[in-house]
């Protein structure tokens with residue numbers, strides 16, 4: 001069996017775009033006619049440029065190869081151009097193609113992917129979700145309203161979720177680490193207080209920051225929210241400085257989580273060695289694929305760290321996350337996004353029930369992709385999957401970050 005053909009579909013979820021402005025899906029077909037699906041999470045170049053990168057990675061390193069030879073193909077891509085170092089865009093392209101290889105291998109053997117990478121360790125996978133506006137909420141006001149957030153958290157708990165994530169401390173600026181405004185600290189405390197009072201001990205609070213703060217600023221904010229017992233403090237400083245993240249971890253008393261912007265074991269290893277984080281959040285469509293993240297999870301075991309696969313993408317990456325999660329002993333939980341479009345794209349083949357997901361025993365990734373639906377929603381915009389603002393922190397009027405990827409306003 002050899003890898004033969006590649007098709008790339010860039011599909012756009014309907015507004016408000018939970019999961020990003022677009023998802024890059026790859027369809028790989030073997031010379032025996034088996035089809036495998038993957039998803040690429042790299043988002044630092046536009047989808048047209050990414051199509052070219054994915055096509056080049058496939059043609060150069062994978063086409064004509066046996067899909068079993070994951071390690072060989074990874075080393076080809078990782079070493080391309082005399083690099084042998086992490087390259088976010090190349091590894092993002094490879095990651096989606098690698099996921100498709102595992103889908104092929106599972107289908108060829110009539111077995112789920114987790115059966116091929118160590119077997120089933122977890123019969124139920126704990127899920128968590130972001131807090132999203134309820135139908136009656138004002139879409140703009142929601143992101144700065146502790147009361148609406150608490151109401152959304154109660155809705156999640158009623159549906160069985162035992163962990164909810166929120167990130168009220170904007171702005172998300174390309175300027176690097178900044179000192180949070182006092183109003184942003186106050187708003188973060190108000191969110192934690194309202195949500196904790198609403199859910200009590202029925203759910204963990206997961207506090208996100210997307211690497212926005214200086215070390216000193218992250219410590220100030222972390223100490224302010226610590227009394228509400230968050231399970232994690234996510235990426236409190238930019239992800240490229242493990243030593244500074246470790247300083248935050250040792251100062252705030254909240255477990256630090258990080259990893260959605262990192263790729264390969266080469267970038268996760270310094271996080272573990274330095275004690276920067278005790279919870280790793282690899283995105284399988286970026287971090288190197290299923291096999292590479294299996295290695296990262298094994299590294300984490302040595303440091304008594306847990307894994308919580310990240311998801312701000314489509315349901316194919318979600319399916320890959322769940323197959324990995326089923327096989328590892330140090331799983332904490334998996335991020336999930338429940339929207340009608342996510343559900344329809346994989347024809348309801350993954351279900352969150354009472355806050356947990358049961359890993360599928362169906363061959364491959366365990367999903368059926370609605371290819372016609374994916375093609376019927378092409379991406380026609382010009383923005384990237386996610387984007388940061390150029391304006392700096394507003395210390396006068398406060399800051400707000402609107403989640404998702406909302407459609408432009410008139």
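Just so you know, all these numbers are worked out from the coordinates, no wet-lab data involved. Owing to the predicted nature of the structure, the values given are computational and were not obtained by experimental measurement. Positions of Cβ are backbone-derived with ideal geometry, glycine not excepted, and every protein chain shown enters the neighbour counts.
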>> Based on alpha-carbon centroids, what's the gap between the range 94-166 and the range 226-244 in Å, whole number please?
In response: 21
> Sorted by mean Cβ packing within 10 Å, highest first, what order do the peptides 105-114, 283-292 take?
Replying inline: 283-292, 105-114
> Which FRET efficiency, nearest 0.05, do residue 84 and residue 63 yield, Cβ-Cβ r, R0 25 Å?
Replying inline: 0.70
>> Which residues does the label zone of residue 31 cover in the range 59-85, counting backbone N under 18 Å from a point 7 Å along Cα→Cβ?
In response: 59-70, 73
>> Just want to confirm a number: the relative contact order over the range 304-410, from Cα pairs under 8 angstrom separated by 6+ residues, in percent.
In response: 21
> Out of (i) 0.94; (ii) 1.45; (iii) 1.13, which label holds the value of Cα Rg over 2.2 N^0.38 Å that was computed here?
Replying inline: (i)
> What FRET efficiency, computed as 1/(1 + (r/R0)^6) with R0 = 30 Å and r the Cβ-Cβ distance, is obtained for residue 56 and residue 178, rounded to the nearest 0.05?
Replying inline: 0.20
> residue 274 label point, 7 Å along Cα→Cβ, cut-off 12 Å on backbone N: hits in the range 208-230?
Replying inline: 215
>> For a quick size check, give me the Cα extents of the range 159-293 along its three principal axes, largest first, whole Å.
In response: 40, 36, 25
> Roughly what % antiparallel, to the nearest 5, for the DSSP beta bridges in the chain?
Replying inline: 45
>> Taking 8 Å as the Cα distance limit and 6 or more residues as the minimum spacing, I'd like the relative contact order of the chain as a percentage.
In response: 24
> What per residue convex hull volume, in Å³, do the alpha-carbon atoms of the range 105-154 yield?
Replying inline: 152
> Based on the Cβ-Cβ distance from residue 295 to residue 136, what FRET efficiency comes out when R0 is 45 Å, to the nearest 0.05?
Replying inline: 0.50
> How much mean residue ellipticity at 222 nm does the chain get from its helices, if each DSSP H run of length 4 or more adds -39500 (n - 2.57) and you divide by all residues, to the nearest 500 deg cm²/dmol?
Replying inline: -11500 deg cm²/dmol
> What relative contact order, as a whole-number percentage, does the range 1-119 give when Cα pairs under 8 Å and 6 or more residues apart are counted?
Replying inline: 30
>> Using the Cα atoms of the range 85-203, I'd like the radius of gyration and the largest Cα-Cα distance, Dmax, both in angstrom.
In response: 20.2, 57
> Full extension from residue 45 to residue 5: what is 0.36 nm times the residue separation minus their Cα-Cα distance, to one decimal in nm?
Replying inline: 12.0 nm
> What distance in nm separates the simple spin-label points at residue 71 and residue 186, each placed 7 Å from Cα in the Cβ direction?
Replying inline: 5.8
